[in-house]
Structure formats: structure tokens, C-alpha cells
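Only one structure is covered here, and it is reproduced in the block below.
The values are calculated or read from the model by the stated rules, or taken from the named source; none is laboratory data. Please read all numbers here as calculations on a predicted model, not as lab measurements. For neighbour counting, all protein chains shown are included, and Cβ atoms are generated from backbone atoms with ideal geometry for every residue, glycine included. Side chains included, ligands, DNA and RNA excluded: accessible areas come from the protein's heavy atoms. Shrake-Rupley method; radii C 1.70, N 1.55, O 1.52, S 1.80 Å.
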Amino acid sequence: MENRSAQVRDLRTDYTSRSLSESEVDANPFVQLDQWLAEAIEAKALEPNAMVVSTLGDDGFPASRVVLLRGLSAEGLNFYTNYDSQKGTEIAAHPKVSACFFWPELERQIRISGTCHKLSDEESDAYFASRPAGSQLGAWASPQSQTLPSREALETILEEVKAKYEGQDAIPRPPHWGGYRIVPHRIEFWQGRASRLHDRIVFHKQGEDWQSSRLAP
Ligand SMILES: Cc1cc2nc3c(=O)[nH]c(=O)nc-3n(C[C@H](O)[C@H](O)[C@H](O)COP(=O)(O)O)c2cc1C
């Protein structure tokens, strides 16, 4: 581990390829987010729609995990998961969350704070119906975040679920599985710059409007 400490201490990337100024950032942070996401997809970033979502536990500890952004609109950012998972139960108790995108290929980060709302049954049904059958069965089979006695135990549940839905045209959405929309009140765009003097432009929601300002790196 000492070797690794020495190794990571000396890892350094200087960010020199881009900048972000007040004049080029869109006045609507959703438009800017949409543009950066498009550029991450265009740049062939690995999992460009992956974001780290952090929730707060009753024990006072925040917990973070990666989820995939599955919808973006002027209302917010959608993702799908198991409502009974750790994140699901934490969101039910504390709906204020943070989300963070990192696109190393573009030397960019977006940080979001907002409030999570469950999507309507219709929205979750529509997305669930678009998933591959294997993922649909997996949503039924996995008691996400619960302790499992073994890998085999999960595979046994999966076999039971497969047998149950064998020959059915459509697999219904499990009641414990669906979407959330993060409705942001703060969105920060971070563009890496040389010598750690990065650009940071943050938007805060003020009533119906967004106010932006520059933060020190
Ligand atoms: C690239 C990537 C994408 C993921 N996407 C999702 C997702 O969209 N939904 C989800 O529930 N879990 C997703 N996961 C798994 C989560 O990170 C996490 O392990 C799981 O949701 C359980 O989290 P929890 O116990 O904190 O609720 C993804 C993991 C990775 C690495």
C-alpha cells in the first residue's frame, strides 16, 4: 500500500483542452446540461449517462452509487431503480439528493443538488416495457441491497421468475421497481483548466429563474 500511496501522490493530469466562460454558458442550465451530455456521447465517453447519486441515511452517513440517467427534460433528471433498495428507502425518508457526472475525456464535471420525486406509474411502465427481457426478469429476481446467502440463491430466484413468466408476451413491472426524477435547485458546471485554476459556473434556482455565478476553483 505504501507503494500505491507514492504512486497516487505523483499522478497528475493538467487539464488544458477546454474552458467555460460566462458568455458561452447557456442561461438555462438544462440546455447547458443537455449540450454537455450530447458532447460526452459524441466523445464516446464510457457510460456517458452514468451519474453518482448520493442519498442520506438515517444514521447520518451519506451513501453514493452510480446509476444511469434515463431521461432529461426541463423538469429534471430521471433514473430507475428498486424502490426497496438502500437508495429507495433513503430517498423515501430524505428526498434531497446530489448527483454528479464526471467525463474525464472532456475534463468536465457537473454537480447537481435537488429533490427526488417518484415518476408516475405510467412513466415507469413505459420505461420498463422498453427494457430487454433479461433486465425485466432481473428486476423481479433481485431483492436489491438485501443480504444474499450466496450467488446460487439469486440464480434460484431468477429461475423461478423465468418459469413464472415463461411464454407470456409482456413481463409486468414489479411494484417495487420504478423511476425517480431529480428536480434540481443547484447545478454546477466544472471545466478543468491548467494548473488547477478550473472554471466553475453555478446556477441556483430563484423562483422560476436561474441565477448564475462563478466560483473559485
Ligand atoms: C455504470 C453503472 C450503472 C448503474 N446503473 C444503475 C441504475 O440505473 N439503477 C440501479 O438501481 N443501479 C444501477 N447500478 C448499480 C448501483 O450502483 C448500485 O450498486 C445499486 O443500485 C444498489 O445501490 P443501493 O444499495 O445503494 O440502493 C449501476 C452501477 C454502475 C457501475
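Select from segment 167-195 the residues that are open to solvent by 90 Å² or more (accessible area, probe 1.4 Å) and at pLDDT 95 or above and write down the one among them that is farthest from residue 27 (Cα to Cα).
Step by step, filter segment 167-195, then rank; the result is 175.
Given the conditions (1) within 11 Å of the ligand (Cβ to nearest atom); (2) on the phi < 0 side of the Ramachandran plot; (3) open to solvent by 40 Å² or more (accessible area, probe 1.4 Å), and given that residue 18 satisfies all but one, which numbered condition is not satisfied?
Of (1) within 11 Å of the ligand (Cβ to nearest atom); (2) on the phi < 0 side of the Ramachandran plot; (3) open to solvent by 40 Å² or more (accessible area, probe 1.4 Å), only one is false for residue 18: (1).
As an exercise: evaluate residue 66 against (1) within 22 Å of residue 200 (Cβ to Cβ); (2) within 13 Å of the ligand (Cβ to nearest atom); (3) β-branched (Val, Ile, Thr); (4) out of contact with any Gly (no Cβ under 9 Å at 6 or more places or on another chain) and give the number of the one condition it does not meet.
(1)
Just one of the numbered conditions (1) crowded, with 18+ Cβ neighbours inside 10 Å; (2) of a type in the set (Gly, Ala, Ser); (3) within 16 Å of the ligand (Cβ to nearest atom); (4) under 22 Å from residue 54 (Cβ atoms) is not true of residue 145; which one?
Condition not satisfied by residue 145: (1).
Any idea which of 53, 25, 31 is under 15 Å from the mean Cα position of the chain (by Cα) and either β-branched (Val, Ile, Thr) or open to solvent by 30 Å² or more (accessible area, probe 1.4 Å) (or both)?
Of the residues listed, the single one that is under 15 Å from the mean Cα position of the chain (by Cα) and either β-branched (Val, Ile, Thr) or open to solvent by 30 Å² or more (accessible area, probe 1.4 Å) (or both) is 53.
Scan segment 25-52 for residues that are in a loop (DSSP other than H, G, I, E, B) and away from the ligand (no atom under 16 Å from the Cβ) and jot them down.
25, 26, 27, 28, 43
crowded, with 16+ Cβ neighbours inside 10 Å, without any contact (Cβ under 8 Å) to a residue 60 or more places away in the chain and out of contact with any His (no Cβ under 8 Å at 6 or more places or on another chain): does that describe residue 201?
So residue 201 fails the test.
List every residue pair whose Cβ atoms lie under 8 Å apart, where the two residues are 6 or more positions apart in sequence or sit on different chains, the first residue falls within segment 134-163 and is modelled with pLDDT of 95 or more, and the second residue, located anywhere, is away from the ligand (no atom under 16 Å from the Cβ) and among the aromatic types (Phe, Trp, Tyr).
137/165; 140/165
Would you point out the residue of segment 75-129, among those that are of a type in the set (Asp, Glu) and within 16 Å of the ligand (Cβ to nearest atom), that is least open to solvent (accessible area, probe 1.4 Å)?
90
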